[in-house]
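J.: What follows is a structure written as structure tokens; I'll ask about it next.
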Amino acid sequence: MDYQEFTGVTISEQDKAFAQEFANFVNGRMCSAENTGRELTRAHRYLQQQMFKVFIGFMRQLAYNYQEGTYDERNEWASRLASEAYTRLIESDLIYDPNFNK
């Protein structure tokens with residue numbers, strides 16, 4: 001089933017292309033997740049904020065997947081950690097998401 005059909009969300013071709021390129025980078029071209037993350041902080045301040053919004057969107061979806069049980073054993077740790085972190089952000093009133101089941 002296509003992601004777009006599953007969620008009802010329309011995803012732009014540019015967003016899909018970036019997600020695929022990032023997946024390719026992580027799957028063989030990345031040397032260090034920590035160093036890559038550190039390097040991202042050298043971007044312009046506005047871009048750092050935009051990149052962080054992408055990170056939050058990724059974390060939110062992993063958290064939803066964990067809550068719904070739609071993850072597999074290979075990414076259970078990431079999904080559970082995302083759910084715990086996302087829940088804490090909601091409880092701290094840093095993120096508003098009335099649809100998330102804490």
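J.: Return the total of residues in region 37-74 being over 23 Å from ASP97 (Cα atoms) and not hydroxyl-bearing (Ser, Thr, Tyr). Break it down stepwise before answering.
T.: Taking region 37-74 and keeping what is over 23 Å from ASP97 (Cα atoms), we get 37-47, 72-74.
With not hydroxyl-bearing (Ser, Thr, Tyr) added as a condition, the list becomes 37-40, 42-45, 47, 72-74.
Here the count works out to 12.
J.: Here is a list of conditions, (1) at pLDDT below 95; (2) of a type in the set (Ser, Thr, Tyr); (3) in contact with a Ser or Thr (Cβ under 9 Å, 6 or more places away or on another chain), and THR7 meets all of them except one; can you say which number that is?
T.: In the conditions (1) at pLDDT below 95; (2) of a type in the set (Ser, Thr, Tyr); (3) in contact with a Ser or Thr (Cβ under 9 Å, 6 or more places away or on another chain), THR7 misses (3) alone.
This table checks each residue for (1) more than 24 Å from GLN20 (Cα to Cα); (2) more than 14 Å from the chain's Cα centre (by Cα).
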residue: LEU40; (1), (2): no, yes
residue: GLY57; (1), (2): no, no
residue: LEU81; (1), (2): no, no
residue: SER92; (1), (2): yes, yes
residue: PRO98; (1), (2): yes, yes
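Residue-by-condition table, conditions (1) loosely packed, with under 12 Cβ neighbours inside 10 Å; (2) touching a residue at least 12 places away in the same chain (Cβ under 8 Å); (3) not charged (D, E, K, R):
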{"site": "GLN20", "(1), (2), (3)": "yes, no, yes"}
{"site": "ALA23", "(1), (2), (3)": "yes, no, yes"}
{"site": "ASN27", "(1), (2), (3)": "yes, no, yes"}
{"site": "THR41", "(1), (2), (3)": "yes, no, yes"}
{"site": "TYR46", "(1), (2), (3)": "yes, no, yes"}
{"site": "LYS53", "(1), (2), (3)": "yes, no, no"}
{"site": "ALA63", "(1), (2), (3)": "no, yes, yes"}
{"site": "TYR66", "(1), (2), (3)": "no, yes, yes"}
{"site": "TYR71", "(1), (2), (3)": "no, no, yes"}
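J.: In region 75-90, how many residues are farther than 13 Å from ASN101 by Cβ and modelled with pLDDT of 95 or more?
T.: Pass one, region 75-90, residues farther than 13 Å from ASN101 by Cβ: 75-82, 84-85, 88-89.
Then keep just the ones that are modelled with pLDDT of 95 or more; that gives 76-82, 84-85, 88-89.
Qualifying residue count, region 75-90: 11.
J.: Considering only residues that are surrounded by 10 or more Cβ atoms within 10 Å (Cβ to Cβ) and over 24 Å from TYR86 (Cα atoms), which ones fall in region 29-38? Before the answer, list the steps.
T.: Going through region 29-38, the residues surrounded by 10 or more Cβ atoms within 10 Å (Cβ to Cβ) turn out to be 30, 35-38.
Across region 29-38, the qualifying residue is only MET30.
The values are calculated or read from the model by the stated rules, or taken from the named source; none is laboratory data. It should be emphasised that the depicted structure is a prediction, and the values quoted were computed from it without experimental measurement. In this analysis, Cβ positions are derived from the backbone assuming ideal geometry, glycine residues included, and neighbour counts consider all displayed protein chains.
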